[in-house]
Amino acid sequence: MDHIGSFMPVMRPEGESVEKITIVSVSALFFYGLSLLIQRCGCISGKVLPHKRKLWFNTLGSVIHSSIVTLCCACCFWLDPHLAFHMTSVAVSGMARFTPLMSLGYFTHDMIEMARFFKFSGAWPVIIHHVIVISIFGGIGMYTEFYNYLVMALTCEFNTIFLHIRQLFHMSGVSKDSTIYRVNSLSNISTFFVLRMMTLVWMIVCSFTSDKNDLQKRSITVWFIGVVGMILMMILNLVILYRLLTRDNLLPVQNKKKH
């Protein structure tokens, strides 16, 4: 399958760091420009409150990023059907090299935008998520060749599409009892379990059971960043899942007694 590397430019050892930084930087600038374009075009529901406009545009940009990454990940699995079982393999396609670095650029841009325009008290799950992702992708993506591991992690972006559409529905005043909201809610919860929970468990297991020859190529620091990052992400996802289930009335919550 030597031809698969030609699908995207394969980075060579010489100047590889420069190429990685270039991809990350261009990606960050692209999504920054996309954010400005979305705002200039006025792609917004008329029911969105004025103080929620910035959040609407940010969320819409996230949906676009997640859609792009989902297509890229699908292409990666098409090029390498056994990718999920070769997460520590360095023999990856050009697309599998490109996708994590492109996402690292997006998360860097979004992290800066969050810090500029949103309060931590209201955006802490997203901020913590981005810190973890940037740490993992920065450590593994910039200093190793284990891109398959990162592509596997990015499969959760398919769930992110439904997660952010749910937020757009809320800002647009879509009723929780409407058919479109319920369909999205079901899709959100089901893909959350599969792609954000089960996939993370699989990645953590693979981190401890990988082939010794592959593990010897990794530094203990990179291994530590990957494992700890996945565990922290699992904890964060449990918190997000609980909030989703309660706020969408899918989990019974005891009513507070009135005094």
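The values are calculated or read from the model by the stated rules, or taken from the named source; none is laboratory data. No experiment lies behind these values; they were computed from the predicted model shown. Here the Cβ is made from the backbone with ideal geometry for all residues, glycine too, and neighbour counts use every protein chain on show.
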Can you name the condition, by its number, that Asp177 falls short on among (1) more than 16 Å from the chain's Cα centre (by Cα); (2) farther than 15 Å from Leu55 by Cα; (3) assigned to a helix (DSSP H, G or I)? (3)
Suppose we filter Gly138, Gly173 for residues that are at positive phi and either of a type in the set (Gly, Ala, Ser) or surrounded by fewer than 16 Cβ atoms within 10 Å (Cβ to Cβ) (or both); which single one remains? Gly173
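Every residue, every condition in (1) modelled with pLDDT of 85 or more; (2) among the polar types (S, T, N, Q); (3) over 16 Å from the mean Cα position of the chain (by Cα), yes or no:
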{"position": "Val92", "(1), (2), (3)": "no, no, yes"}
{"position": "Ala96", "(1), (2), (3)": "yes, no, no"}
{"position": "Leu101", "(1), (2), (3)": "yes, no, no"}
{"position": "Gly105", "(1), (2), (3)": "yes, no, no"}
{"position": "Asp110", "(1), (2), (3)": "yes, no, no"}
{"position": "Val126", "(1), (2), (3)": "no, no, no"}
{"position": "Ile132", "(1), (2), (3)": "yes, no, no"}
{"position": "Gly141", "(1), (2), (3)": "no, no, no"}
So in the range 48-64, with the set limited to residues that are in a helix (DSSP H, G or I) and among the hydrophobic types (A, V, I, L, M, F, W, C), which one is surrounded by the most Cβ atoms within 10 Å (Cβ to Cβ)? Phe57
In this structure, is Phe146 in contact with a Lys or Arg (Cβ under 9 Å, 6 or more places away or on another chain) and surrounded by fewer than 20 Cβ atoms within 10 Å (Cβ to Cβ)? no
Show the residue pairs meeting these rules: Cβ distance below 6 Å; 6+ apart or different chains; first residue within the range 170-181 and aromatic (Phe, Trp, Tyr); second residue part of a loop (DSSP other than H, G, I, E, B). Tyr181/Val174
Of the residues Leu195, Leu186, which is at pLDDT 90 or above, under 26 Å from Leu55 (Cβ atoms), surrounded by 14 or more Cβ atoms within 10 Å (Cβ to Cβ) and of a type outside the set (Lys, Arg)? Leu195
Taking the options Ser67, Ser45, Ser25, name whichever one is among the small types (Gly, Ala, Ser), surrounded by fewer than 21 Cβ atoms within 10 Å (Cβ to Cβ), more than 21 Å from Ile161 (Cβ to Cβ) and touching a residue at least 60 places away in the same chain (Cβ under 8 Å). Ser25
With the structure loaded, tell me whether Ala84 is within 21 Å of Phe192 (Cα to Cα) and at pLDDT below 85 or whether it fails that test. yes
